[in-house]
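See structure below.
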2 protein chains.
Amino acid sequence: MDRGPPPTSGGRAGTVDVSALETAAARSGSPPPAGASDQTGAEGDRARHEIRFEPAGRTVRVPPRVMLFDAASWNGIAIDSTCGGHGTCKKCKIRVTAGNAPVTSLDTRAFEPDALRAGWRLACRVEVADDLAVEVPPLVTRPKAASVGVGRKVILRPAVQKRFVRLAPPSLADQVPDLERLLAALDDLEVTVELHALRSLAKVLRQSDYEVTAVVVDDVLVDVEPGDTTERAYGIAFDLGTTTVVATLLDLGTGAPLAVESMLNPQQPFGADVISRISAVMLDPGALERLSGLARSALSQLAGEVCAAAGVEPGEVYEVAVAGNATMVQLALGIDPEPLGVAPFILATHRPTTVLASDFGLSVHPRARAVTFPAIGAYVGGDIVSGLLASGMDRDKRIRLFIDIGTNCEIVLGSDERLVATAAPAGPAFEGAAIRCGMRAAPGAIETVGLGDDGVTLGVIGKEEPAGLCGSGLVDAVAELVRVGLLDASGRFVSEDEARAHRPELADRLTTLGQERVFVLAWSGEPGDVGRSVYLTQRDVRELQFAKAAISTGWTILCEELGVEPSSLAQVLLAGSFGSYLSPASAIRLGLVPPIGALRVVVAGNVAGEGAKMALLSVRERAGAMALLEEVEYVELSDRSDFNDRFVDQLPFPT
Amino acid sequence: MDRGPPPTSGGRAGTVDVSALETAAARSGSPPPAGASDQTGAEGDRARHEIRFEPAGRTVRVPPRVMLFDAASWNGIAIDSTCGGHGTCKKCKIRVTAGNAPVTSLDTRAFEPDALRAGWRLACRVEVADDLAVEVPPLVTRPKAASVGVGRKVILRPAVQKRFVRLAPPSLADQVPDLERLLAALDDLEVTVELHALRSLAKVLRQSDYEVTAVVVDDVLVDVEPGDTTERAYGIAFDLGTTTVVATLLDLGTGAPLAVESMLNPQQPFGADVISRISAVMLDPGALERLSGLARSALSQLAGEVCAAAGVEPGEVYEVAVAGNATMVQLALGIDPEPLGVAPFILATHRPTTVLASDFGLSVHPRARAVTFPAIGAYVGGDIVSGLLASGMDRDKRIRLFIDIGTNCEIVLGSDERLVATAAPAGPAFEGAAIRCGMRAAPGAIETVGLGDDGVTLGVIGKEEPAGLCGSGLVDAVAELVRVGLLDASGRFVSEDEARAHRPELADRLTTLGQERVFVLAWSGEPGDVGRSVYLTQRDVRELQFAKAAISTGWTILCEELGVEPSSLAQVLLAGSFGSYLSPASAIRLGLVPPIGALRVVVAGNVAGEGAKMALLSVRERAGAMALLEEVEYVELSDRSDFNDRFVDQLPFPT
């Protein structure tokens, strides 16, 4: 049994006002477009252009070749659009009042020559190559939005569009083919047409008296349904974790989550972490297919469950989004992960390729699309990009640190200028592995520990008898032992004499088992029977120290990179499943996170899954995820000559 | 047994000089782009723009929104390009010396500001919206070309590109992912990437020391192969006929045909013509799947045969082209053909949708593309568009008539101004059906008939004993009987007295069988045993008269439409399988074709198959096929109030 997916800090989605978006603090820079250079780097800043938006009166700085529409969207300036910047709706009309913005061929179709001369352009076609002043007309429609992620408001602009149309039946005088008849009614869209849609078109048109609903995903006509089905359009957001897989069914019309289901990743028998699963593939060529099949079966089972729970036909799910680390996503898609597991640690690709839901083994609409996220590095994958999106790391002026703690720990530091990221190999301590009485976060696991005058207070999952210690319990236990002085700053248990002198109420728990010093957290039935109790060993403390040193070395180096003091951070976001159960106070005490006020340490929850929802609900957010690939600078720790010294410096606990 | 595919008039393909292209007579107008209006019509001419090409000194008139590159290509003006106008190679540099051609974002990447100011543009991005004068630099490379179709030279520019690249292996200092590493070496292409290619990429790169060949079809990276495989790229052109299916394997690097195989369409048991196959689907919903499966199995079997014959791996076939009438193509793709078979006769679509070879059931490269042709009407399908392309009907200044004779007869008349088309229901007479001693063109069929002083001279397929009369024999027989005076102009056999008076050597063959007058072509063993002989009945003659009247009414009306005298036509092209075996002299004598010199009646052969080859060999020709959709004006015969009178006028034979 598992604790299930961690809670999310975002409110439940619904249709809400978007005024918050207008006032949201926004970073001054916009991300470069998805098609830009493959290299990340800081030199982009030198070439940035300024855009002044009126009447908002906001000036933003953007890298060259950003599309104006994206720059506005990214900075909370709302521009009318129904296609989300795809160049099909021709609604994103703005006027360039200063600076050079060449006329494109689409502009010539959207505007009269006089309007072009007056500076009118389609914002989605203006590639920023000059400082610009831009006049944005008032919105014609007030867009719907949903709350999602870490306090994020997402204006609903799903890639899935449904259009109900009534067509005139053909006659000898009007022999326009079925498809062209339909497309003429969708003339604001420039779609390509799937054979799947064409196969059923004749029957659907004739059986529904030419009243049909076209289903368009991005710019592809994937199906035509009889009658008006515009109210029914669904998507599934997947968080494909190494440990847990979570599926959320979303109503794409309202943004509301309709059902959530989760399960353990059935790849577990091949190893708890990504490295052991990659190793399995390296040792046995057939393992790739089996691991791939297991991932697909999990996704498929969850898709069936969320649809059944909400009474939605799987065929009404037209798009899915999958957030996962690089290994999980490559395995699920049948892409050999071996290069991820051995130096020099190479991704198959930064950028997601076009995949269908069926490529993930999903039996939803047969032509449903699948969105995946770009990966920044072998160990900073799509799950982190998704999490950064959900956390708004890319658009917050404050200095914030994002930490996703696990066997591999991903750390991202953002300011209003830059985003820097690294990965730290924290090891399996937080999973309860390599800890003598360690266990996964399951019933019987001690997950919180308090030491006080009245002894030891334990929180146990499922309120059962303590059976072991999970990661959050381990962190709590060590933090408390440091606090009460039974562990010194170097991580060594104090002498029994010293314990008895200072903490007589706990001293009899500090004992030895064989050669090793241990602290007993929960006695077994027989007092004094240390071997059958739940205890913490000196070696366990060392394991935790190594893990926390890896992490704190990571954020220390990132802070230096941005030239900020760790203590001056505005916020630390603890992401991911483990982070959700960690006590901020204990994390601070151990030095796992920088020394800031505990209230500034925020449990962000399952941000990877939240980012997947955002990608489904908004093509702009999806573009934002792609932009993160360009925006985030990856800092490699393993090739730093000073890494070992820095690591040793971080082993002691803060005093 | 079948006579096999008809001969083609085009020479065998090979690498030849393209100077012929430069001097080829070209129509003054270019076709509009594929994305333009769905309506055909003559009003486009009013809005045409003039383009003056220098140093060629040619002025052409084109409809608005044509791309300059296409306009040049279409008029035989060669502009450098390796991508065929896809906007990826940036080689099609020209200078606009007069008229307005807006700078596009691609231009800003291809040219310095000075060059842009001087009028330099990429021809493939200039959408003609003004009268222009254009300077075309000399060709850097002399393109390869192949002879194909009716004397057509096709500059080889297949959609399939192979690129051999040597990549630097990754290192800790160079962690660029596999895909981005490859794409950086293909930076003149902007490709999307198939999951299929990504799945094998890691292994292929590492097992071939990072020396690989990228396979790109259009703008899609479909595969990556170890080592240098650039010499091996193949395509298969299919002529998917109602009666016969023909496959030609082409070397896409040289244009050479490597193997040809054909077979009878296995859908025959569902009926000989398209209407009976559509009826089968209407009567039995399961028939669509069965007919579809039969078509696919035929294509698949032929693909295997041509690959085996030429020693080509099916996985090296990256693209196929399928030319067929609308019913055959819809059936093969599993698109319900019912609306084609009942008034008002509606196509699924004018424009081909994107399909893969696997959608046609082909086991070639798993991501091989399939090209199909646009369809002008329910009975003027992709086979005709393909045939028009192969015949150069769209680029010849002369007044030419294209006739594809079959159960349904397609007729197209072209001048330097317009292309008009119609379909005439000729009935099954030419297939030997509804003819008393009729049979298909198979061994034993009389295919030529000569009447002279020494009696009857017969050509029999397979040099066997005469067993029946096929379509070409029927035409010959009736034409000869008219010539020698045994049939009068109204189509009636003359009296026995008259026969004996004028043609004593043939008179004993003009006899009766039961109530009906017949002419015996081949006596059975027993002289006088008419019933067991091969003969022509008065009713057979009537059947042929109805067929020829349908056809000649068609071309008469088209000639009126263009205001030309039928006798002034420069050329009549007889297309299709049946046309290949028809005697031009007999066709003229019967009035099946206009009264012109027999030398001006040209047997064009299997032009549908030739057009399919052209589409495989050149993306420009493929664009030309799409342009025909806009260019050809369809003339509906069935709603003309004077059709019946015109038809009756055409029943007699010319005198």
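The values are calculated or read from the model by the stated rules, or taken from the named source; none is laboratory data. These numbers were taken from a predicted model, which means no experiment stands behind them. Every residue, glycine as well, gets a Cβ built from its backbone with ideal geometry; the counts of neighbours run over all protein chains shown.
Yes/no matrix, rows are residues, columns are (1) of a type in the set (A, V, I, L, M); (2) outside the structural domain of A:Leu419 (by TED's automatic domain parsing); (3) closer than 27 Å to A:Val648 by Cβ:
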site	(1), (2), (3)
A:Leu521	yes, yes, no
A:Arg532	no, yes, no
A:Thr553	no, no, yes
A:Arg589	no, no, yes
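If I ask for residues that are crowded, with 18+ Cβ neighbours inside 10 Å, hydrophobic (A, V, I, L, M, F, W, C) and farther than 30 Å from A:Ala424 by Cα, which ones from the range A:507-529 would you list?
A:Leu510, A:Val520, A:Ala522, A:Trp523
Return yes or no: is A:Ala477 in a helix (DSSP H, G or I), touching a strand residue (DSSP E or B) at 6+ places or on another chain (Cβ under 6 Å), farther than 19 Å from A:Ser583 by Cβ and not assigned by TED's automatic domain parsing to the domain that holds A:Ala272? So that I can check it myself, show each step before the final result.
Numbers: in a helix (DSSP H, G or I): yes; touching a strand residue (DSSP E or B) at 6+ places or on another chain (Cβ under 6 Å): yes; farther than 19 Å from A:Ser583 by Cβ: no; not assigned by TED's automatic domain parsing to the domain that holds A:Ala272: yes.
The answer is no for A:Ala477.
Among the residues of the range B:208-247, which ones are charged (D, E, K, R) and in a strand (DSSP E or B)?
Applying the first criterion (charged (D, E, K, R)) to the range B:208-247 yields B:209, B:211, B:218-219, B:223, B:225, B:228, B:231-232, B:239.
If the condition is that a residue be charged (D, E, K, R) and in a strand (DSSP E or B), then B:Glu211, B:Asp223, B:Glu225, B:Asp239 are the ones that fit.
What's the number of the only condition in (1) free of Cβ contacts under 8 Å to residues at least 60 places away in the same chain; (2) surrounded by fewer than 22 Cβ atoms within 10 Å (Cβ to Cβ); (3) farther than 30 Å from B:Arg206 by Cα that B:Arg121 fails to meet?
Looking at each condition in turn, B:Arg121 falls short on (2).
Which residue, of B:Cys124, B:Cys89, is touching a Cys at 6+ places or on another chain (Cβ under 8 Å) and within 13 Å of chain A (Cβ to nearest Cβ)?
The unique qualifying residue is B:Cys124.
Considering only the range B:328-443, give the strands (runs of 3 or more DSSP E) lying wholly within it that have at least 3 residues that are under 20 Å from B:Glu610 (Cβ atoms).
Result: B:369-372, B:400-404, B:408-414.
In this structure, does B:Gly459 turn out to be of a type in the set (Gly, Ala, Ser) and without any contact (Cβ under 8 Å) to a residue 60 or more places away in the chain?
Yes.
Which numbered condition in (1) surrounded by 20 or more Cβ atoms within 10 Å (Cβ to Cβ); (2) closer than 22 Å to A:Gln175 by Cα is the only one that B:Gly387 fails?
Evaluating B:Gly387 over (1) surrounded by 20 or more Cβ atoms within 10 Å (Cβ to Cβ); (2) closer than 22 Å to A:Gln175 by Cα leaves (2) as the failure.
Select from the range A:371-426 the residues that are among the acidic types (Asp, Glu) and either under 21 Å from A:Ala550 (Cβ atoms) or modelled with pLDDT of 95 or more (or both) and list them in ascending order.
Within the range A:371-426, A:Asp383, A:Asp404, A:Glu410 meet the criteria.
Could you tell me whether any residue of the range A:340-348 is within 13 Å of chain B (Cβ to nearest Cβ) and of a type outside the set (A, V, I, L, M, F, W, C)?
Looking through the range A:340-348, at least one residue is within 13 Å of chain B (Cβ to nearest Cβ) and of a type outside the set (A, V, I, L, M, F, W, C).
Quick one: which of A:Glu313, A:Glu319, A:Glu305 is under 30 Å from A:Thr230 (Cα atoms) and in contact with a Gly (Cβ under 6 Å, 6 or more places away or on another chain)?
Residue meeting the stated conditions: A:Glu319.
Under 17 Å from A:Asp239 (Cβ atoms), in a strand (DSSP E or B) and more than 14 Å from chain B (Cβ to nearest Cβ), is that true of A:Glu319?
It is true that A:Glu319 is under 17 Å from A:Asp239 (Cβ atoms), in a strand (DSSP E or B) and more than 14 Å from chain B (Cβ to nearest Cβ).
Quick one: which of B:Leu250, B:Leu221, B:Leu264 is within 25 Å of B:Leu189 (Cβ to Cβ) and within 19 Å of the chain's Cα centre (by Cα)?
Selected residue: B:Leu250, the only one of B:Leu250, B:Leu221, B:Leu264 that is within 25 Å of B:Leu189 (Cβ to Cβ) and within 19 Å of the chain's Cα centre (by Cα).
I want to confirm something. Restricting to the range A:610-632 and keeping residues that are in contact with an Asp or Glu (Cβ under 8 Å, 6 or more places away or on another chain), over 12 Å from A:Phe373 (Cβ atoms) and of a type outside the set (A, V, I, L, M), which single residue is surrounded by the fewest Cβ atoms within 10 Å (Cβ to Cβ)?
A:Arg620
I need the full set of residues from the range B:194-242 which are away from chain A (no Cβ under 14 Å) and surrounded by fewer than 21 Cβ atoms within 10 Å (Cβ to Cβ), in order please.
Listed by number, the residues that qualify are B:Ser208, B:Asp209, B:Glu211, B:Glu225, B:Pro226, B:Gly227, B:Asp228, B:Thr229, B:Thr230, B:Glu231, B:Arg232.
Restricting attention to the range A:255-282, and to residues there that are assigned to a helix (DSSP H, G or I) and touching a Phe, Trp or Tyr at 6+ places or on another chain (Cβ under 8 Å), which single residue is nearest to A:Gly235 (Cα to Cα)?
A:Arg277
Which pairs do you get when a residue that is under 10 Å from B:Gly377 (Cβ atoms), found in the range B:337-351, comes within reach of a residue that is assigned to a helix (DSSP H, G or I) and of a type in the set (Asp, Glu), reach meaning Cβ atoms under 7 angstrom, with the pair 6+ apart or on two chains?
Final answer for the pair search is B:Ile346/A:Asp178; B:His350/A:Glu180.
What is the residue count in the range B:585-598 for residues that are in a loop (DSSP other than H, G, I, E, B) and touching an Asp or Glu at 6+ places or on another chain (Cβ under 8 Å)?
The number of residues fulfilling the criteria is 0.
Report the residue count in the range B:94-118 for those that are in contact with an Asp or Glu (Cβ under 8 Å, 6 or more places away or on another chain), away from chain A (no Cβ under 12 Å) and surrounded by fewer than 19 Cβ atoms within 10 Å (Cβ to Cβ).
Within the range B:94-118, residues that are in contact with an Asp or Glu (Cβ under 8 Å, 6 or more places away or on another chain), away from chain A (no Cβ under 12 Å) and surrounded by fewer than 19 Cβ atoms within 10 Å (Cβ to Cβ) number 4.
Note down all Cβ pairs under 9 Å where the first residue falls in the range B:636-655 and is small (Gly, Ala, Ser), the second is outside any loop (DSSP other than H, G, I, E, B), and they're at least six residues apart or on different chains.
Qualifying pairs under 9 Å: B:Ser638/B:Pro425.
With the condition being within 30 Å of A:Val342 (Cβ to Cβ), I'd like the strands (runs of 3 or more DSSP E) fully within the range B:128-173 carrying at least 2 qualifying residues.
Details: elements: B:132-135, B:145-148, B:152-155, B:160-166.
Result: B:160-166.
Residue by residue through the range A:361-379, note down the ones that are away from chain B (no Cβ under 13 Å) and either without any contact (Cβ under 8 Å) to a residue 40 or more places away in the chain or of a type in the set (Ser, Thr, Tyr) (or both).
Within the range A:361-379, just A:Ser363 meets the criteria.
Taking the range B:181-193 as the region of interest, how many residues are crowded, with 17+ Cβ neighbours inside 10 Å and within 7 Å of chain A (Cβ to nearest Cβ)?
1
Out of (1) of a type in the set (Lys, Arg); (2) at the interface with another protein chain (Cβ under 10 Å from one of its Cβ atoms); (3) under 29 Å from B:Ala110 (Cβ atoms), what's the single condition that is false for B:Lys162?
Here B:Lys162 clears every test but (2).
What number goes with the only condition from (1) buried (at least 17 other Cβ atoms within 10 Å of the Cβ); (2) not in a helix (DSSP H, G or I) that A:Pro285 does not pass?
A:Pro285 satisfies all of (1) buried (at least 17 other Cβ atoms within 10 Å of the Cβ); (2) not in a helix (DSSP H, G or I) except (1).
Look at B:Ala326 and say whether it is crowded, with 19+ Cβ neighbours inside 10 Å, out of contact with any strand residue (DSSP E or B) (no Cβ under 7 Å at 6 or more places or on another chain), facing chain A (nearest Cβ under 10 Å) and touching a residue at least 24 places away in the same chain (Cβ under 8 Å).
Yes: the conditions hold for B:Ala326.
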